[in-house]
1. Output the number of the condition that residue 297 fails; it satisfies all remaining conditions of (1) surrounded by 13 or more Cβ atoms within 10 Å (Cβ to Cβ); (2) within 20 Å of the chain's Cα centre (by Cα).
2. Is there a residue in region 89-102 that is out of contact with any Ser or Thr (no Cβ under 7 Å at 6 or more places or on another chain), assigned to a loop (DSSP other than H, G, I, E, B), over 22 Å from residue 207 (Cα atoms) and at pLDDT below 95?
3. State whether one or more residues within region 234-247 are surrounded by fewer than 19 Cβ atoms within 10 Å (Cβ to Cβ), assigned to a loop (DSSP other than H, G, I, E, B) and within 16 Å of the chain's Cα centre (by Cα).
4. On the basis of being surrounded by 19 or more Cβ atoms within 10 Å (Cβ to Cβ), among the acidic types (Asp, Glu) and either modelled with pLDDT under 95 or within 27 Å of residue 92 (Cα to Cα) (or both), does residue 207 make the cut?
5. Could you give me the residue pairs with C-beta distances under 7 Å whose first residue belongs to region 207-230 and is touching a residue at least 12 places away in the same chain (Cβ under 8 Å), whose second residue is among the hydroxyl-bearing types (Ser, Thr, Tyr) and not in a strand (DSSP E or B) wherever it lies, and which are 6+ apart or on separate chains?
6. Taking region 279-294, which residues are within 16 Å of residue 269 (Cα to Cα), of a type in the set (Gly, Ala, Ser) and surrounded by fewer than 16 Cβ atoms within 10 Å (Cβ to Cβ)?
7. Could you tell me which of the residues 258, 210 is assigned to a strand (DSSP E or B) and more than 11 Å from the chain's Cα centre (by Cα)?
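The values are calculated or read from the model by the stated rules, or taken from the named source; none is laboratory data. Quick caveat: nothing in here was measured; it's all calculated off a predicted structure. Here the Cβ positions follow ideal geometry from the backbone for every residue, glycine too, while neighbour counts run over all protein chains shown.
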Amino acid sequence: MRIDLPPERLLPDKDERVARILATSPPRRRSTPALRWAAPVAASVAAATVIGLSLGYAGDDPVGTPPSVPSVAAPSVASGQPADVELWIRDLPPDQAAAVATECVTSIGRSATIVASEVLSAQVQRSLLRGRAATAIVIVKDSETGETLGCEATLTKAGALRAVDGVASMGGRGSKSADNHTDATHPAIPTDGPGGYAVGSNGATYEVDERVAAVRQRFVVDGVPGPWHVARAVGRYVFVQARVAPTALRGAHALSLETQVVGHDGTLLDAPGDQEDGGGITRSPGTTRTDDRGWDLCQLATSAAGPSTCLP
């Protein structure tokens, strides 16, 4: 199946803008919402020498050939659509995932040992931040407290745990995620899991059902779409991240983020709604969710965002 995008605006500098979107530049660190995302109390220095994940890859290149994600709209040279960015590198074995999760829990001042049977989802993803080899995403359920926790950690090229980036409470007292579940029109629902928001970058964790093969996101700058960042489902969770180079936002007037949910047969499923206070998910916006990210441009002195875009 192929997605027919709406007619593109005719921009005299379209080629230049596309080149900017694909360009790399020093990235900004992803910020994290203070209410749901706990930064480590202290850096876990010992972890780098204790936990060897043995990824066996060079740089950001995946090992071997991972299972393919169903193609929805394969880019072509003629269309000019940039190639997809595959985020998944490999699944993380439960015992190694448990060791990473234990370090995460310890880093926020808790005393607990996570065991392999408590791991719900664990994977290694390509990092979108320059200078970082890879990111481990581990989701576990503490059998003693019943709490679901999500951990994001940076790995070294040798596969050791370099640093814990944050720990999120995804289920339990105070978490909206505990009241929400997938259903017929919500195959993927947002959670209070790993992720974050910064200028030109986004990260989010979704709980998904058996219909979902992957979730993908891309930034659109002045009507010109960037590459899809594709994150496959591991267990019943998807962690997806997307980024656009700051250089692509210079002089930009509009910025949006698109999210789609892909089924196993390549069809587009209902896109995610929003979490509601007190529980519940808003109605799905259709097969494509579009979030206005114009406020990002207001943070850049080099953007061309107008006053209306920057109103609170």
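1. All conditions are met except number (2).
2. No; the residues of region 89-102 include none that is out of contact with any Ser or Thr (no Cβ under 7 Å at 6 or more places or on another chain), assigned to a loop (DSSP other than H, G, I, E, B), over 22 Å from residue 207 (Cα atoms) and at pLDDT below 95.
3. For region 234-247, residues surrounded by fewer than 19 Cβ atoms within 10 Å (Cβ to Cβ), assigned to a loop (DSSP other than H, G, I, E, B) and within 16 Å of the chain's Cα centre (by Cα): present.
4. yes
5. As it stands, the answer is 207/182; 207/191; 208/182; 209/182, since those pairs meet every condition given.
6. 286
7. 258
Yes or no, residue by residue, for (1) of a type outside the set (Phe, Trp, Tyr); (2) over 23 Å from residue 97 (Cβ atoms); (3) in contact with an Asp or Glu (Cβ under 7 Å, 6 or more places away or on another chain):
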residue	(1), (2), (3)
183	yes, yes, no
208	yes, no, no
216	yes, yes, no
220	yes, yes, yes
240	yes, no, no
